[in-house]
Amino acid sequence: MLGEYRIIGRRASDIAASVEAGIGSGALAPGALLPPMRQLAGVLGVNPNTVAAAYRTLRERGVIETDGRRGSRVRARPASAPRDELRTVVPDGVRDAASGNPDVALLPPLDGALAAAAGRYAKAPTLYGADPVAPELARLARAGFDADGVPPGAMAVTSGALDGIERVLAAHLRPGDAVAVEDPGWGSVLDLAAALGLPVLPLEVDDEGPRPEAVARVLAAGARALVVTSRAQNPTGAAVGGARAAELRALLSRHPGVLVLDDDHGHGIVDLPLHCLGGVTRHWALVRSTAKAYGPDLRLAVLTGDAVTMDRVRGRQRLGPGWVSRLLQYAVVELWSSGALDPAAVARSYGERRDGLVAALAERGVRARGRSGMNVWVPVADETGTVTRLLGAGWAVAPGARFRVESGPGVRVTVSGVEPAELPGLADAVAAAVRPGPAGVRYA
């Protein structure tokens, strides 16, 4: 079953460490079937409960997964092998359309906002026991949520969108609970689910967001949570439309025990309206990050949701970092209050480049997707070959394997660093890379 590798140990911690050592050395390959608990207990001369505790620890760490009578296996992508390791290394002289960063020229300067925050702090330093959410930030965030039709709810602040997503999932789910995630979708969420020991149920996505039949399927399969990107979906650019949101909300209303989490990381860089799914089930949250609009180093996201979820998030946060720095919160207040960002202008800039690339590729017979945000998704037959050929042509793009579970191969092209005048040349390079042979590549 395990070839030549022998699991050793008398205590649960030692047995778990032995399995992890085998995975780390490569002796236990992804997908390897582990011995049944009673069988391994007999070999090691320990109580079966000891092996059960070891396997439970490994599941909680995202190292193995258990599928009933089919037994326990090493995860196909264990948490110790994150998808970020699939990042394209951008050599000198190659244009970076892979990293997913915003256009620095579109980010507002932070010096004035940080100076104003420091001045406010000097007058009233934040001490232990203060509300973890600055009242001014809460007021501005709530006004924004109200304008976008987000249901009323309690509020929390976290260190970015992924921190918020993790805290919301951990507030309700336990290892073994299934979570529905977009496919293709944000690789960091897929890694996070593995690290939390949450099996992923992939959701097929089109330009309007998760397909209703896919959502119905995962709900019937027992999904305990649903994570959906509202706008500027990474990597496809999908945005949940009004009709699609109504259809999905109707589906979710028949499953009131499912946790619904909307990720609105595209706030401030898109001109499409928000259509959130939260509010039709007992537990829900919406995460709104500042990273794409104001800069990745401004580590702040505002969350709203039902009272129980937000209370659990804030309670657990008190036992860790305590709160997100009021200095950062005050800086965001200054940025939001001063109108330092023109979201419409940012959306137009990204839209010109994104739509221009999709149109240029269509002229060259290459299908691509990109309804909102800064990314374009190009289905391909051979990811590795396409990425390699584009590197040779002077362009770095992200391999689709970082974002996929069951969906077909593709590459993600981030247009934030591409000037409109460069789009024809980039489209030529992509078309040549995806269709290197005389027979070309056919896409559905």
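Among bridges DSSP assigns within region 142-257, what percent are antiparallel (round to 5)?
For region 142-257, the DSSP antiparallel bridge percentage is about 20.
Treating only the Cα positions of region 55-194 as identical point scatterers, give the base-10 log of I(q)/I(0) from the Debye formula at each q in 0.10, 0.12, 0.18 Å⁻¹.
One equal scatterer on each Cα of region 55-194 leads to -0.62, -0.84, -1.21.
Return SER289, SER407, SER230 ranked ascending by Cβ neighbour count within 10 Å, so the fewest neighbours appear first.
SER407, SER289, SER230
Among GLY279, SER349, LEU390, which residue has its Cα positioned farthest towards the positive end of the charge dipole of region 271-400, with +1 placed on the Cβ of Lys and Arg, -1 on the Cβ of Asp and Glu, and the dipole taken about the Cα centre?
Value: GLY279.
Restricting the count to DSSP beta bridges whose residues both fall in the chain, what percent are antiparallel, rounded to a multiple of 5? Before the final figure, lay out each step's value.
Details: 24 of 44 bridges.
Approximately 55 percent, going by the DSSP bridge assignments.
Which one, PRO30, ALA54, THR66, projects farthest toward the positive side of the charge dipole computed for region 12-74 from Cβ point charges (K/R +1, D/E -1)?
THR66
Defining a contact as two alpha carbons under 8 Å apart and six or more residues distant in sequence, what relative contact order in percent does the chain show?
Answer for the chain is 18 percent.
Residues with amide H under 5 Å of LEU201's amide H, sequence separation 5 or more or different chain, H placed in the peptide plane at 1.01 Å from N; which?
Under 5 Å from the amide H of LEU201 lie the amide H atoms of VAL179, ALA180, VAL181, each far enough along the sequence or on another chain.
If each DSSP helix of 4+ residues adds -39,500 (n - 2.57) and the sum is divided by the residues in the chain, what number results at 222 nm, nearest 500 deg cm²/dmol? The partial results should precede the final answer.
Details: 15 runs with 175 residues, N = 444.
So the calculated ellipticity at 222 nm is -12000 deg cm²/dmol.
Semi-axes, largest first, in whole Å: what does sqrt of 5 times each Cα gyration tensor eigenvalue give for region 320-407? List each step's numbers first, then the result.
Values: eigenvalues 249, 82, 27 Å².
Result for region 320-407: semi-axes of 35, 20, 12 Å.
In debye, nearest 20, what is the charge dipole magnitude of region 241-286 about its Cα centre with +1 on Lys and Arg Cβ and -1 on Asp and Glu Cβ, if you could check?
That gives region 241-286 a dipole magnitude of about 300 debye.
So what J values fall out for region 224-236 if you push phi through Karplus, 6.51 cos²θ - 1.76 cosθ + 1.60 with θ = phi - 60°, rounded to Hz, Gly and Pro as x?
With the stated coefficients, region 224-236 comes to 8, 8, 10, 10, 10, 8, 5, 8, 6, 4, 9, x, 8 Hz.
Compute the signed sum of charges (Lys and Arg +1, Asp and Glu -1) over the other residues within less than 14 Å, Cβ to Cβ, of VAL418. Please report the intermediate quantities before stating the final value.
Details: positive: ARG95, ARG353, ARG354, ARG412; negative: ASP96, ASP103, GLU352, ASP355, GLU419, GLU422, ASP428.
For residues surrounding VAL418, the net value is -3.
Using a simple charge model, +1 on the beta-carbon of Lys and Arg, -1 on the beta-carbon of Asp and Glu, nothing else, what dipole does region 12-74 show about its Cα centre, in debye to the nearest 20?
220 debye
With charges only on Cβ, +1 for K and R and -1 for D and E, what is the dipole size of the chain about its Cα centre, in debye, rounded to 20? Present the calculation step by step, with values, prior to reporting the outcome.
Working: 50 positive and 46 negative charges, 299 e Å.
The calculated dipole for the chain is roughly 1440 debye.
We did not get these values from a lab; they are worked out from the coordinates using the rules stated. Note that this is a predicted model, so its numbers are computed, not measured. All Cβ positions, glycine included, derive from the backbone under ideal geometry; neighbour counts span all protein chains shown.
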